[in-house]
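Okay, structure first, notes after.
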Ligand code: CO
């Protein structure tokens with residue numbers, strides 16, 4: 001069922017500093033910051049050969065990552081995203097195995113304009129898992 005690792009998302013307190021760190025210290029290819037108001041984040045994409053790193057910073061009043069940054073002021077890993085071929089089939093298979101999907105269980109359009117679901121970290125070793133239809 002599970003496909004490629006699509007991205008690892010890291011919440012950062014200072015997006016410009018984090019962008020410079022990945023670009024200058026690691027020599028990575030990084031995007032300009034992109035505001036995603038519908039998702040409540042500003043993001044920088046770090047392009048690796050086999051996956052992406054997404055640096056996330058809260059945007060607006062109701063950002064889904066604001067509370068995370070309050071709990072983790074230095075930043076930290078927020079979620080990992082795996083690709084699946086058929087997101088509804090993946091959801092149904094997970095439900096059969098008692099893995100909880102966050103929200104109402106219906107896929108939403110994610111930051112890459114593809115359907116995504118998030119799995120309850122309590123059912124996945126304390127890690128927030130995003131599934132994205134490839
Ligand atoms: Co993501």
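Within region 77-100, can you find the residues that are out of contact with any strand residue (DSSP E or B) (no Cβ under 6 Å at 6 or more places or on another chain), in contact (Cβ under 8 Å) with a residue 60 or more places away in the chain and not in a helix (DSSP H, G or I)?
Selection gives 85 alone.
Scanning for something assigned to a helix (DSSP H, G or I), touching a strand residue (DSSP E or B) at 6+ places or on another chain (Cβ under 9 Å) and more than 15 Å from the ligand (Cβ to nearest atom), does region 101-118 turn up at least one residue?
No, region 101-118 has no match at all.
Going by the structure shown, is residue 44 without any contact (Cβ under 8 Å) to a residue 40 or more places away in the chain and either within 25 Å of residue 83 (Cα to Cα) or under 15 Å from the mean Cα position of the chain (by Cα) (or both)?
Judged against the criteria, residue 44 is a match.
Given the conditions (1) at pLDDT 95 or above; (2) more than 30 Å from residue 97 (Cβ to Cβ); (3) not in a strand (DSSP E or B), report the number of the one that residue 43 does not fulfil.
Failing condition for residue 43: (3).
Is it fair to say residue 56 is touching a residue at least 12 places away in the same chain (Cβ under 8 Å), part of a strand (DSSP E or B) and within 15 Å of residue 10 (Cα to Cα)?
yes
Within region 9-19, is there a residue that is surrounded by 14 or more Cβ atoms within 10 Å (Cβ to Cβ) and either within 21 Å of residue 115 (Cα to Cα) or without any contact (Cβ under 8 Å) to a residue 12 or more places away in the chain (or both)?
Taking every residue of region 9-19 in turn, at least one turns out to be surrounded by 14 or more Cβ atoms within 10 Å (Cβ to Cβ) and either within 21 Å of residue 115 (Cα to Cα) or without any contact (Cβ under 8 Å) to a residue 12 or more places away in the chain (or both).
In region 20-51, which residues are touching a helix residue (DSSP H, G or I) at 6+ places or on another chain (Cβ under 7 Å) and surrounded by fewer than 18 Cβ atoms within 10 Å (Cβ to Cβ)?
28, 33
Residues being part of a loop (DSSP other than H, G, I, E, B), within 16 Å of the ligand (Cβ to nearest atom) and at pLDDT 95 or above: count how many of those fall in region 125-134.
The qualifying residues number 1.
The values are calculated or read from the model by the stated rules, or taken from the named source; none is laboratory data. Everything numeric in this text was worked out from a predicted model, so none of it was measured. In this analysis, Cβ positions are derived from the backbone assuming ideal geometry, glycine residues included, and neighbour counts consider all displayed protein chains.
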